[in-house]
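Quick one: the structure is below, and I'll ask about it shortly.
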Amino acid sequence: MKRLNTLVLNITVTIIDYLYRGRDFQRFWVLEEIARAPYFAFLSVLHFRESLGLRGQWHLHLMKEHFEQSVNETEHLEYMESRDGNRYWIDRFVARHLVLVYYWINVVYYWLAPMSAYHLSEEIELHAAETYAEYLTRFPKDVKIWEIMNDEIHHWQELREAARIIHPDRLTVNEKDAEPFPPDVSDLGVTTQIIGYQEHELISETTK
Ligand SMILES: [Fe+2]
Ligand SMILES: [Fe+2]
């Protein structure tokens, strides 16, 4: 399933990269519009499972976390709107149709294979962070985008943690405390590590 996730994501990214070349904020707006859908889907499935009496010990933790992530993604979306990301009808048309399909895919996927659904979203969060990292190599003083990029990395870490605690062998929240968090970030993309370093430098300079 992980290979399928990566393949589908790579194809989608190639298409979006082609369609949105040279249009950074329209691309960011479309990505943010789509990025929210998995969190809505996770919440829907968790609510539904709970209604059927299938509430696990990790349930409330995940519901709170996915709610906060969906709010945070909405804040990103609003920011992209403030920078004209949704200005054109065609971008709104593309994003709103994509999100309709993607939401339902995530509902089914999370119900049937939650670990794989989390993996797909981890890949998307990582792609979002790398997309912002690439933009920041061109516009390093865009402080708000640094902030948003860090949020994406944070979401990626939270999804990894969520996938770990719902692993069939580790069904309790308590067990998650037994292992270190956040996870090792050495498997983040090289670009993002470099950007993280540059950001540190930037913050040091602005506080002088
Ligand atoms: Fe975002
Ligand atoms: Fe995100």
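Whole angstrom only: what separates the Cα centroid of the range 4-19 from the Cα centroid of the range 88-145?
Taking the Cα centre of the range 88-145 as reference, the centre of the range 4-19 is 11 Å away.
Something else about it: What does the extension gain come out to for residue 52 and residue 17, with contour length at 0.36 nm per residue minus their alpha carbon separation?
8.5 nm
Follow-up. Give me the distance in nm between label points sitting 7 Å out from Cα along the Cα-to-Cβ direction at residue 134 and residue 75, one decimal.
Placing both labels 7 Å along Cα→Cβ, they lie 2.6 nm apart.
So, one more: Calculate the radius of gyration of the Cα atoms of the range 1-96 to one decimal place, then report Dmax, the largest Cα-Cα distance, as a whole number, both in Å.
Cα only, the range 1-96: 16.2, 49 Å (Rg, Dmax).
May I ask you to evaluate 6.51 cos²θ - 1.76 cosθ + 1.60, the Karplus curve with θ = phi - 60°, for each residue of the range 17-30 and list the ³J(HN,Hα) values in order in whole Hz, giving x for glycine and proline?
Using θ = phi - 60°, the values come out as 4, 5, 5, 10, 4, x, 10, 4, 6, 5, 5, 5, 5, 4 Hz.
In nanometres, what is the gap between the two model label sites at residue 111 and residue 8, each 7 Å from Cα along Cα-to-Cβ?
Placing both labels 7 Å beyond Cα along the Cβ direction yields 1.5 nm.
Let a ≥ b ≥ c be the square roots of the eigenvalues of the Cα gyration tensor of the range 1-54; is it rounded (a/c under 1.5), or, if not, prolate (a/b larger than b/c) or oblate?
oblate
Counting only other residues whose beta carbon sits under 9 Å from that of residue 26, what net charge do I get with K and R as +1, D and E as -1?
Charge balance in the 9 Å sphere: 0.
Every number here is computed from the coordinates shown, using simple stated rules; none is lab data. All values reported here derive from a predicted model rather than from experimental measurement. When we count neighbours, we look across all protein chains shown, and the Cβ atoms used for this are built from the backbone with ideal geometry, even at glycine.
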